[in-house]
Amino acid sequence: LMQLSIPLNMIGYIYRELRQGLIDIADMFDLLSVEAEIVDAPAAAPLVVDGGTIRFEDVHFAYDPERQILKGVSFEVPSGHTVAIVGPSGAGKSTISRLIFRFYDVTSGAITIDGQDLREVQQETLRARIGMVPQDTVLFNDTIRYNVRYGRPSANDGEVEEAARMAQIAGFIESLPHGFDTEVGERGLKLSGGEKQRVAIARTLLKAPPILILDEATSALDTQTEREIQSALDVVSKNRTTLVIAHRLSTVVGADQILVLEAGRIVERGTHAELLAKDGLYASMWARQREATEAEERLRQVQEAD
Ligand code: ATP
């Protein structure tokens, strides 16, 4: 019976994304539990992206009418800029990325891309223009080359290798005995979370969407891996409208603007330096994260000394 409540358009989306390995199983169950069917408006037109400015105008949203999740959210991601959303768990960060994909419609207010209301565009064209680097990437049981090429099946070997290089994963791949022909996935080489995320970044570089949403992995990464992923993300988000759902503050330092979301409201906004100067929620999150990192560092030194 549950299957009957899955909107048809979502099945199409899930199927395509699963084929591309771009959503994880938890997300899929999230999607499957969606009951409201979102259909294209009769006069829906293709989304025309010219720069890709995303605007939220006083957006209210609730999954269930009893519990408001977003309570009047307004912000803009100007064409080519990077905006990061941070905030406590449950604040509504991932909900914002789901609304941009129009898995749900807003309760009131509006979301537009280059002035086009998402409720008036064809969903298929919307999703084709947005690249998503998810928290956890599903890989095919195939070669690394195949997995990277999936971003654009017509890409040649040179383009695949160039994308891997830009995503900071080529060195690792070339160190493997079979290089790009190494089999990965369940029956092949298991990649770490950080390696998988860089494969997803390489795929996205080949897809070259004008709009990018990065849902950062929550898992802790070592400093070196974190640095490599950060520089890969810098490459992929360059000159592209980018929204980062951030779980680690280290990745948002360079964003053009940081939005601090708390219980469905933006409570602070500004650059990293501006927010530190405000000495509010962001500054206290930053101080807490620094303490945690320093404690980990001390623990590592003690362990190494043993
Ligand atoms: P985290 O940092 O932990 O990932 P978040 O800020 O991304 O948190 P969201 O995933 O946007 O938070 O969730 C916001 C709230 O909405 C949470 O309280 C969550 O329980 C609720 N929620 C999320 N998805 C659904 C759903 N499909 N149905 C009902 N409530 C939901």
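From the list THR112, THR107, exactly one residue is open to solvent by 10 Å² or more (accessible area, probe 1.4 Å), within 15 Å of the ligand (Cβ to nearest atom) and in contact (Cβ under 8 Å) with a residue 24 or more places away in the chain. Which is it? Within the list THR112, THR107, the selection yields THR107.
Of everything in the range 284-306 that is within 17 Å of THR223 (Cα to Cα) and under 26 Å from the mean Cα position of the chain (by Cα), the residue that is surrounded by the most Cβ atoms within 10 Å (Cβ to Cβ) is TRP286. Check the range 29-39 and report whether any residue there is surrounded by fewer than 16 Cβ atoms within 10 Å (Cβ to Cβ), at pLDDT below 90, hydroxyl-bearing (Ser, Thr, Tyr) and within 10 Å of the ligand (Cβ to nearest atom). Yes, the range 29-39 has at least one match.
If you go through the range 163-197 and keep only what is of a type in the set (Lys, Arg) and out of contact with any Asp or Glu (no Cβ under 8 Å at 6 or more places or on another chain), you end up with ARG165, ARG187, LYS190. Condition check for SER250 on (1) at negative phi; (2) surrounded by 13 or more Cβ atoms within 10 Å (Cβ to Cβ); (3) more than 20 Å from the chain's Cα centre (by Cα): one failure, at (3). The single residue among ARG152, ARG145, ARG119 that is in contact (Cβ under 8 Å) with a residue 60 or more places away in the chain, basic (Lys, Arg) and either open to solvent by 30 Å² or more (accessible area, probe 1.4 Å) or more than 28 Å from LYS238 (Cβ to Cβ) (or both) turns out to be ARG119. Annotation note: of LEU276, LEU281, LEU233, LEU259, the sole residue that is open to solvent by less than 50 Å² (accessible area, probe 1.4 Å) and in contact with a helix residue (DSSP H, G or I) (Cβ under 8 Å, 6 or more places away or on another chain) is LEU233.
Restricted to the range 202-306, the set of helices (runs of 4 or more DSSP H) holding at least 3 residues that are under 26 Å from LYS71 (Cβ atoms) and touching a residue at least 24 places away in the same chain (Cβ under 8 Å) comprises 281-305. Would you confirm whether or not the range 132-141 contains a residue that is surrounded by fewer than 19 Cβ atoms within 10 Å (Cβ to Cβ) and more than 16 Å from the ligand (Cβ to nearest atom)? Yes, the range 132-141 has at least one match. Go through the range 60-89 and give me each residue that's within 15 Å of the ligand (Cβ to nearest atom) and without any contact (Cβ under 8 Å) to a residue 40 or more places away in the chain. Scanning the range 60-89 gives ASP64, PRO65, GLU66, ARG67, SER89.
The condition of being touching a helix residue (DSSP H, G or I) at 6+ places or on another chain (Cβ under 9 Å), open to solvent by 80 Å² or more (accessible area, probe 1.4 Å) and in a helix (DSSP H, G or I) holds for ARG165.
The values are calculated or read from the model by the stated rules, or taken from the named source; none is laboratory data. Not measured: the values here are computed from a predicted model. Counting neighbours? That spans all protein chains shown, and the Cβs are built from the backbone with ideal geometry, glycine included. Ligands, DNA and RNA are stripped out before the accessible areas are found, and what is left, the full protein with its side chains, is counted by its heavy atoms. Shrake-Rupley method; radii C 1.70, N 1.55, O 1.52, S 1.80 Å.
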